[in-house]
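The values are calculated or read from the model by the stated rules, or taken from the named source; none is laboratory data. None of the values given here were measured: they were computed from a predicted structure. Quick reminder, even Gly has a Cβ in these numbers, built from the backbone with ideal geometry, and neighbours come from all protein chains shown. In case anyone asks, the SASA skips ligands and DNA or RNA and just uses the protein heavy atoms, side chains included. Shrake-Rupley method; radii C 1.70, N 1.55, O 1.52, S 1.80 Å.
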Amino acid sequence: MEAKKIFDILSGKFGGSIQQLQESTFPPSVVVGSDAIVEVCDFLKKAEGLDFLSLVCLSGVDLKEQGRMTVVYHLGSMKHGHMIAIKVELDRSSPHVRTVEKVWPVANWYEREAYDMFGIVFDGHSDLRRILMPEDWEGHPMRKDYVYPKRYHTWDV
Amino acid sequence: MGALEDRFPDNILFTTVDRFLNWSKKSSLWYMLFATACCGIELMQTGASRYDLDRFGAVFRATPRQSDLMIVAGTITHMMADRVKRLYDQMPSPKYVIAMGSCANTGGPFYKDSYAVLKGVDKIIPVDVYVPGCPPRPEALIEGIMKLQEKIMEKKNLVKK
């Protein structure tokens, strides 16, 4: 299905929460307000003709200059062969977004990774621990203002 | 040698105690079955039939308690580094370490600005032999083990230096 058509379906259903369609990206992306993200994702997964059964990738983006953080959800449908990206803009000083773990269970680990690398907090997550870095590691390495520590435990980093 | 001739039966050899002890150590370098990255594939290859580490008396052990040699084969992250140190501490002395490949030597391709990778395993445990390569071929690892054997043979066990 065309991205424009998916955008129109979403706009008809959720109105003002669907903010923008960006067709220059691959896959085309829809910017969604952070309040409605779980409902939008649930709809995209279950709606007839959309069937985005697969959360292909969940990533964070640090837009330091603009004071924002973005969470990008790449969705794919094996049934229809179409893809779309959902973007959620967050405040960089306290990035909070609701978890989509209940929609796609795989989001559990994706969100842990985004938390580990960017410090994005996923509210309602069942097990929000670090996944790649050691648990007593300080800071979130993918943030643009991250400062590398000099030492960790007994050795130089 | 006139005094010794014909006084002993066949197959009796003479050597120093030091040399005998070192010979027995170098001829049974049991290495720990431990690998963290692509160097591990070359390590398996080295232990398998074509390159056959067994001919040096080096066979793999699945536990640090029975190992003499730790071959650090692969990238060590900060998360893994604590475990590597613990494994090393669990090995009985005398124990030796070979750092295999660029990652274990210096951090290798992750040296510049990696937040996750330990920049050389010698930051946490003492290393006897460094084997360069990314990953090293089995011949290179075998040369590393032979260098370690040379190093073991130079050890003075009973004489104060």
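Numbers below:
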quantity	calculated
Share, in percent, of DSSP beta bridges within chain A that are antiparallel, nearest 5	75 percent
Longest site-free stretch - chain B; sites: GluC sites (Glu not before Pro), DSSP loop, at most 11 other Cβ within 10 Å	B:6-153
Point-to-point label distance, B:Met153-B:Phe8, nm (Cα→Cβ direction, 7 Å offset)	2.0 nm
Expected-Rg normalisation [2.2 N^0.38 Å, Cα atoms] applied to the protein assembly as shown	1.47
DSSP bridge pairs, the protein assembly as shown: antiparallel proportion in percent, nearest 5	55 percent
Net lengthening on full extension, A:Ser24/A:Cys57 (0.36 nm per residue, minus Cα-Cα)	10.0 nm
Residue of B:Val121, B:Val17, B:Val97 that the Gaussian network model of chain B assigns the largest fluctuation, springs spanning Cα pairs under 10 Å	B:Val17
Cα convex hull of the stretch B:5-63, projected area averaged across orientations, nm²	6.5 nm²
Two-site FRET efficiency, A:Gln66 against B:Gln66, from Cβ-Cβ distance with R₀ of 45 Å, rounded to 0.05	0.20
Per-residue ³J(HN,Hα) for the stretch B:54-63, Karplus 6.51 cos²θ - 1.76 cosθ + 1.60, θ = phi - 60°, Hz, x for Gly and Pro	4, 5, 9, x, 9, 10, 7, 10, 8, 9
Solvent-accessible ranking of A:Arg151, B:Arg61, largest area first, probe 1.4 Å	A:Arg151, B:Arg61
For chain A, the longest site-free run once GluC sites (Glu not before Pro) in DSSP loop states with at most 16 other Cβ atoms within 10 Å are removed	A:66-134
Cβ-Cβ FRET estimate between A:Asp35 and A:Asp156, R0 fixed at 41 Å, reported to 0.05	0.35
Virtual spin-label span in nm between B:Lys112 and B:Arg50, 7 Å along Cα→Cβ	3.4 nm
DSSP-defined beta bridges in the stretch B:64-161 - what % are antiparallel, rounded to 5	10 percent
Whole-angstrom gap from the stretch B:80-135 to the stretch A:47-72, using each part's C-alpha centre	38 Å
Accessible area, probe 1.4 Å, largest first, for residues A:His74, A:His80	A:His80, A:His74
Heavy-atom accessible area order for B:Cys103, A:Cys41, B:Cys38, largest first, 1.4 Å probe	B:Cys38, B:Cys103, A:Cys41
Under 21 Å from the Cα of A:Lys150 - lysines, other chains or at least 8 residues apart	B:Lys85, B:Lys112, B:Lys119, B:Lys123
Charged-residue dipole, Cβ positions (Lys, Arg, Asp, Glu), chain B about Cα centre, Debye nearest 20	540 debye
At q = 0.14 Å⁻¹, base-10 log of I(q)/I(0) for the stretch A:1-126 (Debye sum, equal scatterers on each alpha carbon)	-0.55
Dipole moment magnitude, nearest 20 debye, the stretch B:36-119 about Cα centre, only Lys, Arg, Asp, Glu C-beta charged	140 debye
Top of B:Asp18, B:Asp113, B:Asp122 by mean-square fluctuation, Gaussian network on chain B, Cα under 10 Å	B:Asp113
Among B:Leu33, B:Leu87, B:Leu69: highest mean-square fluctuation, GNM of chain B, C-alpha pairs under 10 Å	B:Leu87
Chain B: Cα Rg divided by the 2.2 N^0.38 Å rule of thumb	1.21
Under 25 Å between alpha carbons - lysine pairs in the stretch A:1-82 that sit 8 or more apart or on different chains	13
